[in-house]
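All remarks here apply to the structure that follows.
The values are calculated or read from the model by the stated rules, or taken from the named source; none is laboratory data. None of the values given here were measured: they were computed from a predicted structure. A quick note on method: Cβ atoms are made from the backbone with ideal geometry, for glycine too, and the neighbour counts reach across all protein chains shown.
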Amino acid sequence: MNRRLRKIALTAHVTSSVGWLGAVAVFLALAVAGLASGSAQTVRGAYLAMEVTGWFVLVPLSFASLLTGLVQSLGSTWGLFRHYWVLFKLLINVVATVLLLVHMQVIGRVADAAAVASLADGELFGMRVQLLADAAAAVLILLVAVTLSVYKPKGMTRYGWRRQQESRAGHTALTRREARAS
Ligand code: HEM
């Protein structure tokens with residue numbers, strides 16, 4: 001990728017990834033309101049909003065983050081399997097996306113129940129606590145992903161080392177050939 005394209009791709013990646021984190025923070029606030037509020041209307045509104053934001057904001061942003069992350073890795077010298085921080089982020093993204101899709105079924109059930117009942121008697125309590133705990137865990141794990149992205153810890157995989165040695169050896173051979181030719 002040339003410099004201009006790289007900047008555009010990086011902007012898309014940061015926007016979708018950090019946007020995903022922000023949306024999960026909203027999700028967490030809604031999960032707290034759904035569990036703790038004494039107002040039936042607030043509880044209903046919270047779970048209905050969670051279902052809508054889940055499908056139309058969180059799921060698209062998680063896939064956009066993955067896709068743009070793959071472009072960033074494969075279109076730059078970072079690579080996908082060379083640095084542990086990139087590998088960890090890939091793992092975080094894939095696991096978080098799968099868990100999100102699984103949770104959308106739970107959110108659907110709670111939202112359906114909230115649409116017809118007040119949930120004031122602790123209905124579906126276990127599921128609602130699970131939504132809260134998982135939203136909190138998702139905020140933390142995405143914060144880890146942001147921190148890894150900014151600090152980019154040095155650790156390299158075996159594959160990364162091998163590729164680095166190969167490219168250094170190739171560079172040295174080229175320089176020698178050029179020196180002999182001149
Ligand atoms: C899990 C959610 C993710 C978050 C929150 C996230 C966040 C970020 C942020 C904030 C940056 C900018 C860092 C900087 O420029 O200093 C970044 C860069 C980067 N991300 Fe992600 N990312 C995520 C997922 C991924 C995935 C899945 C991949 C790889 C498949 C990836 C690969 C990269 C690469 C290679 C860069 C460096 C780009 C460069 O400097 O050229 N990211 N990420």
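Can you find even one residue in region 168-179 that is assigned to a loop (DSSP other than H, G, I, E, B), farther than 26 Å from Trp20 by Cα and not aromatic (Phe, Trp, Tyr)? No, there is no match, as no residue in region 168-179 is assigned to a loop (DSSP other than H, G, I, E, B), farther than 26 Å from Trp20 by Cα and not aromatic (Phe, Trp, Tyr).
From the list Leu131, Leu142, Leu119, the one residue that fits, being in contact with a helix residue (DSSP H, G or I) (Cβ under 9 Å, 6 or more places away or on another chain), under 17 Å from Leu30 (Cβ atoms) and outside any helix (DSSP H, G or I), is Leu119.
Table: residues versus (1) surrounded by 15 or more Cβ atoms within 10 Å (Cβ to Cβ); (2) within 30 Å of Gly38 (Cβ to Cβ); (3) within 16 Å of the ligand (Cβ to nearest atom).
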position	(1), (2), (3)
Arg82	yes, no, yes
Trp85	yes, no, yes
Leu90	yes, no, yes
Val95	no, no, yes
Leu101	no, no, yes
Val110	yes, yes, no
Val116	no, yes, no
Glu123	no, yes, no
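Yes/no matrix, rows are residues, columns are (1) farther than 18 Å from Leu140 by Cα; (2) touching a strand residue (DSSP E or B) at 6+ places or on another chain (Cβ under 9 Å); (3) free of Cβ contacts under 8 Å to residues at least 60 places away in the same chain:
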| residue | (1), (2), (3) |
| --- | --- |
| Lys7 | yes, no, yes |
| Leu10 | yes, no, no |
| Gly19 | no, no, yes |
| Ala23 | no, no, yes |
| Phe27 | no, no, no |
| Gly34 | yes, no, no |
| Ala40 | yes, no, no |
| Met50 | yes, no, no |
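When we screen Ala31, Ala9 for residues that are near the ligand (Cβ under 10 Å from one of its atoms), in a helix (DSSP H, G or I) and modelled with pLDDT of 95 or more, the only hit is Ala9.
For residues in region 45-86 being part of a helix (DSSP H, G or I) and of a type in the set (Phe, Trp, Tyr), which is farthest from Ser149 (Cα to Cα)?
If we filter region 45-86 for residues that are part of a helix (DSSP H, G or I), which is where we start, we get 45-74, 84-86.
Those still in the list that are of a type in the set (Phe, Trp, Tyr) too: 47, 55-56, 63, 84-85.
On the way: Tyr47: 32, Trp55: 26, Phe56: 25, Phe63: 18, Tyr84: 11, Trp85: 7 Å.
Among those residues, the one meeting the criterion is Tyr47.
The test for being near the ligand (Cβ under 8 Å from one of its atoms) and of a type outside the set (D, E, K, R) holds for Ser73.
If the requirement is being away from the ligand (no atom under 16 Å from the Cβ), among the β-branched types (Val, Ile, Thr) and out of contact with any Cys (no Cβ under 8 Å at 6 or more places or on another chain), which of these qualifies: Thr172, Thr147?
Details: Thr147 fails: away from the ligand (no atom under 16 Å from the Cβ).
Of the residues listed, the single one that is away from the ligand (no atom under 16 Å from the Cβ), among the β-branched types (Val, Ile, Thr) and out of contact with any Cys (no Cβ under 8 Å at 6 or more places or on another chain) is Thr172.
Every test in (1) away from the ligand (no atom under 16 Å from the Cβ); (2) outside any helix (DSSP H, G or I) is passed by Thr42 save one, and that test is (2). Residues in region 1-45 that are exposed (fewer than 15 other Cβ atoms within 10 Å of the Cβ) and not aliphatic (A, V, I, L, M): Asn2, Arg3, Arg4, Arg6, Lys7, Thr11, Thr15, Gly22, Gly38, Ser39, Gln41, Thr42.
Number of residues in region 128-155 that are of a type outside the set (Gly, Ala, Ser) and modelled with pLDDT under 95: the value is 1.
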